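Values in this text are rule-based calculations from the coordinates and carry no lab data. Since the model is a prediction, treat every value here as computed from it, not as a measurement. Cβ placement follows ideal geometry from the backbone for every residue including glycine, while neighbour counts extend to all protein chains displayed.
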Amino acid sequence: MESRGQVGERIFNEGLGSNEENSWNENQQREKRLLKISQAEYVKKVLKRFNMSDAKPVNVPLGGYFKLSKAQAPTTEDEKALMSEVPHASIVGSLMYAMICTRPDIAQAVRVISMYMSNPEKEHWRVVKWILRYLKGSSDMTLCYDGPDVYLHNYVDSGFVGNVDNRKSTTGYVFILGSGAVSWVSRL
């Protein structure tokens with residue numbers, strides 16, 4: 001398994017190309033100083049795999065009205081049996097892969113839902129489906145690096161007491177080189 005540095009070096013030396021294994025697609029237009037990186041096909045495969053290809057798209061990665069906590073974990077045996085049938089961890093893993101590679105826009109939503117992977121409840125499952133619906137509507141988004149002037153910008157934000165369970169705040173940052181994000185994180 002390659003580290004982020006090794007992946008970055010390979011991309012620099014070889015380019016991403018169109019790779020069936022990781023479903024990245026690179027579109028270079030050197031004369032325009034333009035590089036687009038997309039995982040549109042990967043997102044479409046994920047949606048198809050989890051029967052969300054026909055889902056109604058939404059405009060934001062995480063609806064503001066979702067209030068998740070560990071107290072929502074299944075308590076009865078029936079609830080636990082029902083949730084054991086749901087491929088929750090597999091979907092979250094697929095979302096993490098997209099987030100790390102080309103989708104900084106879902107970082108916060110994936111971070112939130114990842115906290116409940118060990119014992120998800122129906123509300124947690126609703127959030128996962130919401131994120132998939134967002135990806136349905138934004139599957140063609142790309143990371144785009146272009147422009148004659150390449151400057152590094154960074155942005156930081158935090159949310160006070162964003163976690164209901166432990167009252168911790170959320171912090172996130174993004175570094176943008178030229179016009180595309182090169183590093184991003186959302187953490188508690």
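Key figures for this structure:
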{"quantity": "Which of 103, 33 has the fewest Cβ neighbours within 10 Å, and the rest in rising order", "calculated": "33, 103"}
{"quantity": "FRET E, pair residue 177, residue 80, Förster distance 41 Å, beta-carbon r, rounded to 0.05", "calculated": "0.35"}
{"quantity": "Distance in nm between pseudo-label sites at residue 122 and residue 150 (7 Å out along the Cβ direction from Cα)", "calculated": "5.2 nm"}
{"quantity": "Proxy reagent accessibility, fewest Cβ within 10 Å first, across 179, 38, 53", "calculated": "53, 179, 38"}
{"quantity": "Within straight-line cross-link reach of residue 80, lysines at Cα separation under 30 Å, skipping those fewer than 8 residues along the same chain", "calculated": "44, 45, 48, 56, 67, 70, 122, 129, 136, 168"}
{"quantity": "Cβ-based exposure ranking for 46, 182, 156, in which fewest neighbours within 10 Å come first", "calculated": "156, 182, 46"}
{"quantity": "Sequence-distant residues sharing a close amide H with residue 180 (under 5 Å, placed H)", "calculated": "146"}
{"quantity": "Calculated FRET value between residue 29 and residue 157, using beta carbons and R₀ = 30 Å, to 0.05", "calculated": "0.40"}
{"quantity": "Trypsin sites (Lys or Arg not before Pro) restricted to DSSP loop in segment 57-162 with at most 10 other C-beta within 10 Å", "calculated": "67"}
{"quantity": "Residue 66-residue 36 FRET efficiency (beta carbon distance; Förster radius 35 Å; 0.05 resolution)", "calculated": "0.65"}
